[in-house]
Amino acid sequence: MSEPAQTGAPDAGTLAHEPLWRPSEAAVAAANMTKFRTQVARDWQIGLKDTDALWAWSTEQVDRFWTSLWRSCDVIGEMGRPALINGDKMPGAQFFPNAKLNWAENLLRFSRGNPRDAIVFWGEDKVKRRIAHAELWDDVARLAQYFRWLGLEPGDRVAGFVPNMPESIIGALAAASIGCIWSSCSPDFGVQGVLDRFGQIEPKVLLTADGYWYNGKPQNSLARVQEVLAKLPSVQQVLVIPYLNNHPDIAQMPRAKLFREALNEQTGGEISFDRVPFNHPLFIMYSSGTTGVPKCIVHGQGGTLLQHLKEHRLHCDIKPGDRMFYFTTCGWMMWNWLISGLASGATLLLFDGSPAGNILFDFAQAEKCTMFGTSAKWIDACAKAGLEPKKTHDLSTVRMITSTGSPLAPESFDYIYEKVKTDVCLSSISGGTDIVSCFMLGNPTGPVWRGEIQMRGLGLKVEVWNDEGKPVSGEKGELVCTKPFPSMPVGFWNDEGGKRYKAAYFEKYPNIWHHGDYVELTAHGGIIVYGRSDAVLNPGGVRIGTAEIYRQVEQLPEILESIVIGQDWQNDVRVVLFVRLRDGVKLDEALKDRIKAQIRANTTPRHVPAKIVAVVDIPRTKSGKITELAVRDTVHGLAVKNKEALANPEALDLYVDIAELKS
């Protein structure tokens, strides 16, 4: 497939003028990206010598690009004309205003009568199941019929308080097939966290499992579901999925029925797909921050489909028969992203539970995974645990490894190529719930450079702007998108006049999407992410991305992870670093000096923390992201408004009234 640029991966000091990996000429020639570029050049009678040229064209001829993508992916539906109106307005632009399509119809296009695997599911080492395409089709048909029998209509909401398991995908597909809106969160949310989300959107149907497995232990969900139902009167029907037990006791749960019983009441067979307008709502997703009740972000059927088709087929080179894995929960947008892989003919590999140890590598080997997706934090944890799957596992089928959730440190690039697999396209990807997709991601036809995301997404006019609002390269600035794209949110739920939507993305730069990431455009056309711009540190008025500090600190073997904030101090801001240490390690002056020396030697004196404090836990969101703003607010004695967004809210107590920060 490809050619490693050198034996193994470079040391931290190796010059960055050599890539870690290049695709072979044969791989480039066979890539979907190359075939698409060739087709575009033929259709529009233009010259496009490489992927860089394709990106430039796609961001200048936005309407032509998305038209070509629709055609090349054979999207089922009526495209209509024009491809774009109000293309100079954000918000306000409309893609394919006369189109009619159905997301579920496009995802199930390979399924009817197909005996091959559609979904392979592991619930830790407790449950293993395989779902054939034909079985998936029939289950969706039955559930869609049941929803219609209940009286659900287009625009009604179906919610899932569910693990990452096949029935969750069946629920989303059945809802979308009749024009309903799907919304989900993972079953580790507390009662208030569920109500903060579903209470805003008032679903008519709730899907839930009886529980889930984590670290080998059963976690029952039904007691929390009953508490939720007491305060969620909109729910007319609860469908309970057996997971911990084959016959869970639901006798005391109001309006409840077992999932399979509901399906067995229907005949299956045909699916009557409701083809809806391009921007008809598909998903309601939730911001994961801790600054208030979550924003309810509405994404449309057409924009989600087109963006995911582009990212899977072109940026990830997914082809029919490939086997896609992403470690995710149903409360993270990567779940929505993963399941759209069905539209490219991929088999979905689902894992639910704790990813500790080698189990994800076991899964990838056993199921012949071709695209392996995970988080930067998990890769770092594997490195710190000393895992070497290159020696212990056969990962020969894996062509691409993707990473997201936080910036992937250069040392993690080294770890993948040294300890996991030499011949693989390592694609750090970045975007978010806001766009249910990516602004920057992989390029199977181009090299991988240490510490860089390979390229900006096709059709997305992504730029880096300095403090004067000017586009720059080779220096840090704000990530913006200067032209509209189809997966911009349809809007926020219950946002009259779109005020909160406009304030979220278009307040800083009118008519320009401001994403809130602090980034740099490199000489290779790649991107380096330095963290969220609202968490940028400003000691002495100098802007420092938090990822710059993490990359240095977490190289030290004594440190498992860290979190850094800016503390207001004596009319300035000082850098405060919190570290979680390995068992048996103490934060003495010698270790503090080593931390400071590591940071100073590889960044600048401004990056060196004024205070270093040991903590036993670091707060993070349900999707695994550390929460710098929540820690900063806690240190300053401010209330954290949405602790339900945190997986471990009790960790914030560790940051209250710290004596070391009072001098």
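The values are calculated or read from the model by the stated rules, or taken from the named source; none is laboratory data. This structure is a prediction, so every number in the text was calculated from the model and none was measured. Counting neighbours? That spans all protein chains shown, and the Cβs are built from the backbone with ideal geometry, glycine included. These accessible areas exclude ligands, DNA and RNA; they are computed on the full protein's heavy atoms, side chains included. Shrake-Rupley method; radii C 1.70, N 1.55, O 1.52, S 1.80 Å.
Residue by residue, here is whether (1) open to solvent by less than 10 Å² (accessible area, probe 1.4 Å); (2) among the small types (Gly, Ala, Ser); (3) within 17 Å of the chain's Cα centre (by Cα) holds:
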site: 315; (1), (2), (3): yes, no, yes
site: 323; (1), (2), (3): no, no, no
site: 329; (1), (2), (3): no, no, yes
site: 335; (1), (2), (3): yes, no, yes
site: 340; (1), (2), (3): yes, yes, yes
site: 350; (1), (2), (3): yes, no, yes
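Regarding the stretch 252-259, can at least one residue be identified that is touching a Gly at 6+ places or on another chain (Cβ under 8 Å) and open to solvent by 30 Å² or more (accessible area, probe 1.4 Å)? Checking the stretch 252-259: not a single residue is touching a Gly at 6+ places or on another chain (Cβ under 8 Å) and open to solvent by 30 Å² or more (accessible area, probe 1.4 Å).
Okay, residues lined up against (1) over 30 Å from residue 359 (Cβ atoms); (2) out of contact with any Ser or Thr (no Cβ under 8 Å at 6 or more places or on another chain):
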| site | (1), (2) |
| --- | --- |
| 149 | yes, yes |
| 159 | no, no |
| 163 | no, no |
| 166 | no, yes |
| 188 | no, no |
| 193 | no, yes |
| 232 | yes, yes |
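Might you let me know whether the stretch 136-147 holds any residue that is of a type outside the set (Lys, Arg), over 25 Å from the mean Cα position of the chain (by Cα) and surrounded by fewer than 16 Cβ atoms within 10 Å (Cβ to Cβ)? Looking for residues that are of a type outside the set (Lys, Arg), over 25 Å from the mean Cα position of the chain (by Cα) and surrounded by fewer than 16 Cβ atoms within 10 Å (Cβ to Cβ), one finds none in the stretch 136-147, hence no. Would you check if there is a residue in the stretch 525-542 being at pLDDT 90 or above and surrounded by fewer than 21 Cβ atoms within 10 Å (Cβ to Cβ)? The answer is yes; a qualifying residue exists. Taken over the stretch 334-377, the criterion of being part of a helix (DSSP H, G or I) and at pLDDT below 95 is satisfied by 376, 377. Give the residue that is surrounded by the most Cβ atoms within 10 Å (Cβ to Cβ), with candidates limited to residues of the stretch 14-45 that are within 17 Å of residue 425 (Cβ to Cβ) and of a type in the set (A, V, I, L, M). Step by step, filter the stretch 14-45, then rank; the result is 20. Cβ-Cβ distances below 8 Å connect no pair with a first residue in the stretch 604-622 that is among the aromatic types (Phe, Trp, Tyr) and open to solvent by 20 Å² or more (accessible area, probe 1.4 Å), a second residue that is at pLDDT below 95 and part of a loop (DSSP other than H, G, I, E, B), and a separation of six or more residues or different chains.
Of the residues in the stretch 454-471, none is farther than 27 Å from residue 427 by Cβ and under 21 Å from the mean Cα position of the chain (by Cα). The set of residues from the stretch 404-425 being of a type in the set (A, V, I, L, M) and more than 14 Å from residue 440 (Cβ to Cβ) comprises 409, 416, 420, 424.
The set of residues in the stretch 100-129 that are on the phi > 0 side of the Ramachandran plot and in contact (Cβ under 8 Å) with a residue 40 or more places away in the chain contains only 124.
When 519, 553, 579 are screened for being open to solvent by less than 10 Å² (accessible area, probe 1.4 Å) and in contact with a Lys or Arg (Cβ under 8 Å, 6 or more places away or on another chain), only 519 passes. Within the stretch 38-47, not a single residue is in contact with a strand residue (DSSP E or B) (Cβ under 6 Å, 6 or more places away or on another chain), over 17 Å from residue 483 (Cβ atoms) and not hydroxyl-bearing (Ser, Thr, Tyr).
Among the residues making up the stretch 380-416, those that are under 19 Å from residue 432 (Cα atoms) and not in a strand (DSSP E or B) are 405, 406, 407, 408, 409.
Considering only residues in the stretch 194-221 that are open to solvent by 20 Å² or more (accessible area, probe 1.4 Å) and free of Cβ contacts under 8 Å to residues at least 40 places away in the same chain, the one that is farthest from residue 257 (Cα to Cα) turns out to be 217.
Looking only at the stretch 269-309, filter to residues that are among the small types (Gly, Ala, Ser) and open to solvent by 10 Å² or more (accessible area, probe 1.4 Å); which one of those is nearest to residue 78 (Cα to Cα)? Result: 272. Here is the figure for the stretch 568-603: residues that are farther than 23 Å from residue 635 by Cα and of a type in the set (Phe, Trp, Tyr) total 0.
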